[in-house]
Amino acid sequence: MLQRALIFSSSNPICSQLSTTAPPDNTVFPKRNGGWIIPFSSYQLPAFPSDSAANRPNMASQDEQDPRISNISSAIRVIPDFPKPGIIFQDITTLLLDTKAFRDTIDLFVERYRGKDISVVAGIEARGFIFGPPIALAIGAKFVPMRKPNKLPGEVLSEEYSLEYGKDTMEMHVDAVKAGERALIIDDLVATGGTLSAAISLLERVGVHVVECACVIELPELKGRERLGGKPLFVLVSST
Amino acid sequence: MFAAENGLKGDPRLQAISDAIRVVPHFPKPGIMFQDITTLLLDHKAFKDTVDIFVDRYRDMDISVVAGVEARGFMFGPSIALAIGAKFVPLRKPRKLPGTSEVIAETYDLEYGSDCLEMHVGAVQPGERVIVIDDLVATGGTLSAAIRLLERVGAQVVECACVIGLREVKGQRRLNGKPLYILVEPREIDGCY
């Protein structure tokens, strides 16, 4: 199986424009793969790193890649037929055993999100709990666990989401976040996007602005990127 | 051993960590005063201090593995591992770790019934020095299972580390002979435990 390692941002050409003024109400922007993004009327597009897009080839171009990516990609173990025949499982536990590659993984996210006024890092149970807290600590944000049912002891909001067969439920403490906060959602891998989509819903229900979803690995053939309600997705490794 | 009695007496960070933990009465069932660390994770300074205290303790102890117990051990362990240059090894509920032939399991008793903890064989080499981290230690059943898993592959468990722990009775501060390092005691509400 071919593993291509890329960094690429969402299909949003605005990211490279470094716009610093809010668009007028009702403005729509084309997405690279079709469809439209309608920004919040008072929302300023995040100014990505202080150097311009031209100096950040991993933002403006899909062809250049940060040299840390190939070690991260090769540290991920691929296990066929888990949890069932036909599924190729992307095992990040071997990445956690490679101290440099794990450190580089966190650094790549921290470099992207530091200084972007993000106050919430929401991590999805359970592997999102491994990557989320180090990022949160480094960027000065809170860590909010998004959990399976009946794990969180306080008052929760619940969101049901579809699995391949059946449904599952994700929960969040209602008082973990406040309306208007800017949030990141972290998980190890995005496949169909169902889990990320549920997390986006939970946060938006209490008025949090989800700035981006971030995963170590994407399985692009499952098209999860298209199921995030227009929210951008940032990944380190794309696995086909 | 408690941090306050081992070098951190009067350290104001410990009080702030304790204050940041929420007690939820009667969860998951009547009579249990649940120590909720999610509020600690919302307090950036207190969360950072929690990690820093563990990092300061383990940084120069030649620890090459931090083993974290699913799921709340995952919230603390990786940050400690990254800071001290150790590997992070997740100890998981059954059937989560892929590769059935490469996984070992250890069962442990619950109040009613039993549960099971699993680890990847090959994640830890014989002779490696390991700390085990979880958010809270109660009976020590889970930590004992973690220690057994690690010792089965020849690792040396140097210490178990928890944010919260009950003050033990009768001087039983060890798990299978391993030392235990705890930051704070459980918080009370209305004078009850």
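The values are calculated or read from the model by the stated rules, or taken from the named source; none is laboratory data. Every value quoted in this text rests on a predicted model; they were computed, and no experiment measured them. For neighbour counting, all protein chains shown are included, and Cβ atoms are generated from backbone atoms with ideal geometry for every residue, glycine included.
Quick look at the values:
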read-out: Evaluation of B:F54 against (1) touching a residue at least 60 places away in the same chain (Cβ under 8 Å); (2) not in a helix (DSSP H, G or I) (one fails), failing number; value: (2)
read-out: Count of residues meeting criterion [closer than 23 Å to A:L95 by Cβ and in contact with a Phe, Trp or Tyr (Cβ under 9 Å, 6 or more places away or on another chain)] in the range A:148-193; value: 4
read-out: Identity of the residue in the range A:131-160, buried (at least 18 other Cβ atoms within 10 Å of the Cβ) and either more than 18 Å from B:D49 (Cα to Cα) or over 20 Å from the mean Cα position of the chain (by Cα) (or both), that ends up nearest to the other protein chains (Cβ to nearest Cβ); value: A:P153
read-out: Residue in the range B:48-67 that is farthest from the other protein chains (Cβ to nearest Cβ), counting only those that are more than 14 Å from B:V158 (Cα to Cα) and in contact with a strand residue (DSSP E or B) (Cβ under 7 Å, 6 or more places away or on another chain); value: B:I53
read-out: Options B:T139, B:T107: the member that is of a type in the set (S, T, N, Q) and under 25 Å from B:L40 (Cβ atoms); value: B:T139
read-out: Those residues of the range A:89-107 which are facing another protein chain (nearest Cβ under 7 Å), among the charged types (D, E, K, R) and farther than 12 Å from A:R127 by Cβ, in sequence order; value: A:R103
read-out: Filtered residue count, the range B:126-145, keeping only those that are crowded, with 20+ Cβ neighbours inside 10 Å and part of a loop (DSSP other than H, G, I, E, B); value: 2
read-out: In the range A:157-175, the residues that are outside any strand (DSSP E or B) and touching a helix residue (DSSP H, G or I) at 6+ places or on another chain (Cβ under 8 Å); value: A:L163
read-out: Failed item in (1) part of a loop (DSSP other than H, G, I, E, B); (2) more than 27 Å from B:L14 (Cβ to Cβ); (3) modelled with pLDDT of 95 or more, with B:P98 passing the rest; value: (3)
read-out: Qualifying positions in the range A:176-206 - among the charged types (D, E, K, R) and in a loop (DSSP other than H, G, I, E, B); value: A:K178, A:E181
read-out: Given (1) in contact (Cβ under 8 Å) with a residue 12 or more places away in the chain; (2) away from every other protein chain (no Cβ under 11 Å); (3) surrounded by fewer than 20 Cβ atoms within 10 Å (Cβ to Cβ); (4) farther than 21 Å from B:A4 by Cα, index of the condition B:L117 fails; value: (3)
read-out: Residues that are under 18 Å from the mean Cα position of the chain (by Cα), within 9 Å of chain A (Cβ to nearest Cβ) and within 15 Å of B:V124 (Cβ to Cβ), drawn from the range B:74-103; value: B:G77, B:A81, B:A86, B:K87, B:F88, B:V89, B:P90, B:R92
read-out: Conditions (1) within 11 Å of chain A (Cβ to nearest Cβ); (2) modelled with pLDDT under 95; (3) surrounded by 15 or more Cβ atoms within 10 Å (Cβ to Cβ); (4) over 26 Å from A:I124 (Cβ atoms): number failed by B:L8; value: (1)
read-out: Selection from the range A:207-219 of residues that are among the aliphatic types (A, V, I, L, M) and either out of contact with any Asp or Glu (no Cβ under 9 Å at 6 or more places or on another chain) or not in a loop (DSSP other than H, G, I, E, B) (or both); value: A:V210, A:V211, A:A214, A:V216, A:I217, A:L219
read-out: Residues of the range B:13-43 satisfying the condition of being crowded, with 17+ Cβ neighbours inside 10 Å, more than 18 Å from the chain's Cα centre (by Cα) and part of a helix (DSSP H, G or I); value: B:R13, B:L42
read-out: Scope the range A:108-130; condition charged (D, E, K, R) and either more than 7 Å from chain B (Cβ to nearest Cβ) or in contact (Cβ under 8 Å) with a residue 60 or more places away in the chain (or both); matching residues; value: A:E111, A:R112, A:R114, A:K116, A:D117, A:R127
read-out: Selection from the range A:169-201 of residues that are away from chain B (no Cβ under 14 Å) and either touching a residue at least 60 places away in the same chain (Cβ under 8 Å) or acidic (D, E) (or both); value: A:R182, A:L184, A:I185, A:T195, A:L196, A:A199
read-out: Test set (1) within 21 Å of B:Y181 (Cβ to Cβ); (2) outside any loop (DSSP other than H, G, I, E, B) - B:E106 fails condition number; value: (1)
read-out: Criterion (under 24 Å from A:P145 (Cα atoms) and touching a helix residue (DSSP H, G or I) at 6+ places or on another chain (Cβ under 6 Å)) met by exactly one of B:V55, B:V23; value: B:V55
